Amino acid sequence: MREGLLIVDRETTVLVQNPSAESIFPPPPISSRPLRLIDLTRDPALHEGFREALDRGISRELRFELRRGEPRVFHVTITPLRFAAEAPQAALGVFVEITALEHLERVRRDFFANLSHELRTPLAAILAYVETLQEVGLEDPEHARRCLEGLFRQAQRLHALVRDITDLAEIESGVIALSLEALPLRALVEDVLALIQPQAQERGISIANDVPEDIQVLADPFRLTQILQNLLDNAIKFNRPGGYVGITARRSGERVLVAITDTGVGISPADQPRIFERFYRGEKSRSRETGGSGLGLAIVKHLVQLHGGEITVRSEPGRGSEFTFSLKTAG
């Protein structure tokens, strides 16, 4: 069984310790005296729980964190045991590991905290624009026009957030099925560049498509476009004015490695392991200014993995970043 079972008598001598409990509390080297609870753990809450069960006949539930090696968390139930006597003769402790459950709960709390923040910003702006329109009305057409443009931008931001949340939920739940085709990679990159070129021109950023003509990949055209658009959009948003973005590809066995390089602000070493998490942002004040849902890289990671590939990042703060992902070659 997966649960750890530990039974001690009134002197806290260990009577029963199943294999799962031994993995939690490895017995000490051979001793000349019987094994006691103090030999397994010095945690005061556990000792108090067993003592109450033995002395007062009270059941206890508590949280126990094992800090040896990789942290593990357990829900512990301690129950008095009576054998044809009124007073408890022993106490049973049942240890159920809840490490994964607590991690999921933290992820859930973080998700809703971040989501509420992302919703609050555009909603506050929309309310401000509406209040201004109510006060000014249409008496000042130019001012009203600016308010309506602001409302449209914030509505677009909300729409993008809802779209990204829906996409990520469908990808993570396995609802999305890929329609794989042999695709000429360079041509597909050109199509994506046509969509984002105005954004790059506005900031004076040059983009080079250095993907060889003869490379074909096995991919879903819509989802691969989504991957490239997200990565290229970030490469432009977080670039410096007059910067550079390059797209290259090369074969590696049965895979094609696609790399997108920029000359932007870069990502700190501390942030790099977490940038593919939902809503995670490095240099938060700067990334808030650039907009976006904070879900783009999480979507990219899942879509690349759905294609059977992996994505990695190399970056140096102040010098730029390189995102590389792999796809199956189509020939």
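For segment 1-83, chymotrypsin sites (Phe, Trp or Tyr not before Pro) are listed when DSSP marks them as loop and at most 16 other Cβ atoms sit within 10 Å of their Cβ; the list is PHE83. In units of the compact-protein estimate 2.2 N^0.38 Å, the chain shows a Cα radius of gyration of 1.46.
Please give the contour-minus-distance gain from ARG2 to ARG120: 0.36 nm per residue of separation, less the Cα-Cα distance, rounded to one decimal in nm. Could the numbers behind the result be given before it?
Values: separation 118, 0.36 × 118 = 42.48 nm, distance 4.36 nm.
Full extension of this stretch gives 38.1 nm more.
Taking the inverse of the mean reciprocal distance over all distinct Cα pairs, the Kirkwood hydrodynamic radius of segment 106-173 comes to 13.7 Å. Compactness ratio for segment 178-247: Cα radius of gyration over 2.2 N^0.38 Å (N = residue count) comes to 1.14.
Between the Cα long axis of helix 296-306 and the first principal axis of the chain there is an angle of about 80°, rounded to the nearest 10.
Placing +1 on each Lys and Arg Cβ and -1 on each Asp and Glu Cβ, with no other charges, gives the chain a dipole about its Cα centre of roughly 760 debye. Helix content alone sets the calculated 222 nm mean residue ellipticity of the chain: runs of n ≥ 4 DSSP H residues at -39500 (n - 2.57) each, divided across all residues, give -15000 deg cm²/dmol. The residues ASP167, ASP55, when put in order of fewest to most other Cβ atoms within 10 Å, stand as ASP55, ASP167.
Mean separation of Cα pairs under 8 Å and 6+ residues apart, divided by the residue count of the chain: what relative contact order is that in percent?
Relative contact order here is 12 percent.
Read-outs throughout are calculated quantities, based only on the coordinates presented, and are distinct from any laboratory measurement. All figures in this text were calculated on a predicted structure; none of them were measured in a lab. Cβ sites come from the backbone with ideal geometry, for glycine too, and all protein chains shown count toward neighbours.
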